[in-house]
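A short worksheet on the structure shown next.
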Amino acid sequence: MGNLLKKFPIKMVGIFALIGVALMFFVSHDDFLYTQPIMQIQKVEELSKNKEIDTFQNVDHSYVQKLSGVITNGKHKGEHITLNNTYTDSKAMDKKYKVGQKAFVVLHGQGESTIRDAKRDTPVVFLIYLAIALMFIFLKMAGITAIGSIIINTILFMVALYFDGFNNGSNVLWIFSILAVLFSAITLWLVIGWNRQMFVTLASTVACTFLSIIISLIVFKFTHEKGIFYESMQYVTQPPRPLFLAETIIGSLGAVMDESTDIISSLFALKMERPEVSRKQLFLSGRNIGKSIMGPLINVLFFIFMGETLSMTLLFLKNGNSWGYSFSMNMSLGMVQSLISGIGIVLAVPVASGLTSFFAEKRRK
Amino acid sequence: MSAIIVLGLVLLVLMVLVGGKQGFQSFLSLVLNFGFLFFAIVLMAFHFPPIVVTLIAGVILLALTIFLSGTNDETSRLAFIASVLVLLALVLLIVPVEHWAQVQGFGLEDSDDLEGLSLPIGISFIDIAISTAILSTLGAIAEATMAIASGLDEIKEQHPDIKPNRLFFDGVYVGKQIIGTTLNTLFFGLFGGSLSLFVWFHGLSYSLGDILNDKVFDAEFIIILFSLIGVIITIPITSFVITEQFKNQKQTKS
């Protein structure tokens, strides 16, 4: 244990902590960057409390609080305002404000104003910074490439969104399919380098992602998409079906890439160590590696896709809907996405092993 | 037949073809995970405290995922212990940050979907947001602990007389290899899962400041960051658990 402690990078942690404190100070005082007026709350007075019972016998309380504070940015900087805020115990779309917090407000003139929403950039930046700092401390260089690929991919993603807005979503599936290929190529190039192994991994990733979509489309055709409720999709501003498929392609891409990378890099390493290994042996050990990681990987996406439906499902249940209806309207799309990406992940096992056993052969100098 | 059932059957057949018995077990873990997840939501609807329900469900879900996917029981046991430790460490981060960020419930973008629904249901949506965050990170934690545990298992098998401290740094090395691809799984999950939201932002020309303070976006982004932090701390924690166990094993032998 003493040995481990000695290697603890105390200097680096210190530097990161210092930068972190400075960054947090900046973000919590960055009001001048915003055009909407921001108010810092200086005094809170609780005015009233009312018991509320809705038609489904849910008991809640609603409160009114009087907030006084000062505007911290823009041309009204320094002005004092007072306004009322209503919140409930459940706080689904409202919140209770406390002294010291900052919030965006709308000024209507003549001293009238309403509160819009909390300013929450500080906690978000805090978490981003914490993740980056931990990555540097534990992983050094590996962390830098990983972050680099995220930044490049985010820029590409924004470009794709721009093109998508251009023709009003009619080409959404094509745009994001091309994006999926670009995403994989750039990410794998950064992680693996520009070599044969990268091309094999890329081929496997792209093939399995699209194969899983094709299989799902066939299933959709024969079941007439029974049990899939596109109308339950959230935040839809374009035709939902192609948007849903585009979401699924991008969503499952990372996991399929993950599986392919793991299998193929192990097999290339094996081939390097023992060049005499046969194609069949290579294929079989690929299958062995793949089958133990596919389960956990499918679960990663399952929990991400299903977790985000929790609030809405619960709200449906508490509004007197049946279990089946609450599931259909909220969880069925996430379930379909989990299953499609699961199919892609499983397909990656034979495809990645097969491609490697075929192409790793000609490795002579 | 509904499309979900047919897709499920396709997945089952493929998993059995590729993984045999292990493939079947992995499929079973997926089905059981769904069952427990839904059961947990129903318990919350009956006003059981959401965070307590989630913690108990979380440990069960981790156990299901790890023990049903793993091959070696000893490795799975260590991976499970490590994953529970990671879960507890993450909860200590998630609870204060969710209270700080206030991303519970629904945002303005949800207004259409909320039409006709009664919002004051007497259940704290902050607790629900914490539960969502904990549940969403489980898969990533289980995957990372298993990857490191089985990587270290290989090393232990090939070099039985390796020094325990050396084993710790090997664990970190294995972690370095998985972090890049795991990061991609998580971020593409975010890009994909929130694509329609991003299209919305673009269509209505949200500024960077708007997006950074948007409740709906922040709720999802924060969860991805929690998962990422979970995966990073998994690396030293899993390596530490396995190293300690290896030390004990050596002492009892000699």
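The values are calculated or read from the model by the stated rules, or taken from the named source; none is laboratory data. Predicted model only: the values in this text are computed from it and were never measured. A quick note on method: Cβ atoms are made from the backbone with ideal geometry, for glycine too, and the neighbour counts reach across all protein chains shown. Quick note on the areas: whole protein, heavy atoms, side chains included, nothing else; ligands and nucleic acids left out. Shrake-Rupley method; radii C 1.70, N 1.55, O 1.52, S 1.80 Å.
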If you average the alpha carbon positions of segment B:178-202 and of segment B:66-139, how far apart do those two centres end up, in angstrom? 18 Å
Ignoring everything except DSSP H segments at least 4 long, calculate the 222 nm mean residue ellipticity for chain A; use -39,500 (n - 2.57) per segment, divide by total residues, nearest 500. -21500 deg cm²/dmol
If B:Glu154, B:Glu74 are ordered by their accessible area, calculated over protein heavy atoms with a 1.4 Å probe, which sequence runs from highest to lowest? B:Glu154, B:Glu74
Taking every other residue with Cβ under 15 Å from the Cβ of B:Leu90 and scoring Lys and Arg +1, Asp and Glu -1, one gets -2
Going from most exposed to least, what order do A:Arg120, A:Arg274 have by accessible area with a 1.4 Å probe? A:Arg274, A:Arg120
What FRET efficiency, computed as 1/(1 + (r/R0)^6) with R0 = 25 Å and r the Cβ-Cβ distance, is obtained for B:Leu92 and A:Asn84, rounded to the nearest 0.05? 0.10
Furthest towards positive pole of dipole, A:Ile10, B:Met44, B:Ser83, structure part the protein assembly as shown, Cβ charges: A:Ile10
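Relative to the present Cα-Cα distance, how much length would full extension add between A:Gln57 and A:Ile186 at 0.36 nm per residue of separation?
On the way: separation 129, 0.36 × 129 = 46.44 nm, distance 5.43 nm.
Stretched fully, the A:Gln57-A:Ile186 segment lengthens by 41.0 nm.
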Helix A:10-27 vs. chain A, principal-axis angle (Cα, 0 to 90°, nearest 10): 40 degrees
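Figure the gain on full extension for B:Ser205 and B:Asn165 (residue separation times 0.36 nm, minus the Cα-Cα span) and round it to one decimal in nm.
Details: separation 40, 0.36 × 40 = 14.40 nm, distance 5.32 nm.
Length gained, B:Ser205 through B:Asn165: 9.1 nm.
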Other protein chain Cβ atoms within 10 Å, averaged over every residue that makes up B:23-33: 4
re the protein assembly as shown: pairs of Cα atoms spaced beyond 46 Å account for a percent value of 17 percent
Shielding by other protein chains, A:281-291, mean Cβ within 10 Å: 2
With each label point set 7 Å from Cα along the Cα-Cβ vector, what nm distance links B:Val31 and A:Val64? 5.6 nm
Which percent of Cα pairs goes in each bin when the distances of chain A are cut into 10 angstrom slices starting at zero? 4, 16, 21, 24, 20, 10, 4, 1, 0
With every protein chain in place, what's the accessible area of B:His202 (1.4 Å probe, Å², nearest 10)? 70 Å²
Residues other than B:Phe27 with Cβ under 13 Å of its Cβ, Lys/Arg counted +1 and Asp/Glu -1, net out at +2
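Expressed as a whole percentage, what fraction of the accessible surface of segment A:1-122 belongs to carbon and sulfur atoms when a 1.4 Å probe is rolled over the protein heavy atoms?
Numbers: 4370 of 7360 Å².
Its accessible area is 59 percent carbon and sulfur atoms.
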Gain on full stretching of the segment that runs from A:Val277 to A:Gln42 - 0.36 nm per residue minus C-alpha separation: 77.3 nm
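Please give me the summed charge of the neighbours of A:Asn85: other residues whose Cβ is under 15 Å from its Cβ, Lys and Arg +1, Asp and Glu -1.
Details: positive: A:Lys43, A:Lys49, A:Lys66, A:Lys91, A:Lys95, A:Lys96, A:Lys98, A:Lys102, A:Arg116, A:Lys119; negative: A:Glu45, A:Glu46, A:Asp89, A:Asp94, A:Glu112, A:Asp117.
Once positives and negatives cancel, what remains is +4.
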Protein accessible surface hidden between B and A, which excludes ligands and nucleic acids, total in Å², probe 1.4 Å: 10700 Å²
Using the Kyte-Doolittle scale, find the helices of chain B whose mean hydropathy is at least -0.5 and whose Cα atoms extend 15 Å or more along the helix's long axis, counting only whole DSSP H runs. B:3-45, B:50-69, B:73-101, B:125-158, B:164-193, B:215-253
Which of rounded, prolate or oblate describes segment B:108-243 when judged by the alpha-carbon gyration tensor and an a/c cut-off of 1.5? prolate
Qualifying aspartates and glutamates (Cα of each under 19 Å from Cα of A:Lys140; at least 8 residues distant if same chain): B:Asp170
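Could you order A:Thr55, A:Thr72 by accessible surface area, starting with the largest, using a probe radius of 1.4 Å? Please report the intermediate quantities before stating the final value.
Working: A:Thr55 120, A:Thr72 30 Å².
Heavy-atom accessible area, descending, gives A:Thr55, A:Thr72.
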Mind giving me the nanometre distance, one decimal, between the label points for A:Leu33 and B:Trp100, set 7 Å out from Cα along Cα→Cβ? 1.7 nm
On average, how many beta carbons from a partner chain sit within 10 Å of the beta carbon of a residue in B:145-153? 2
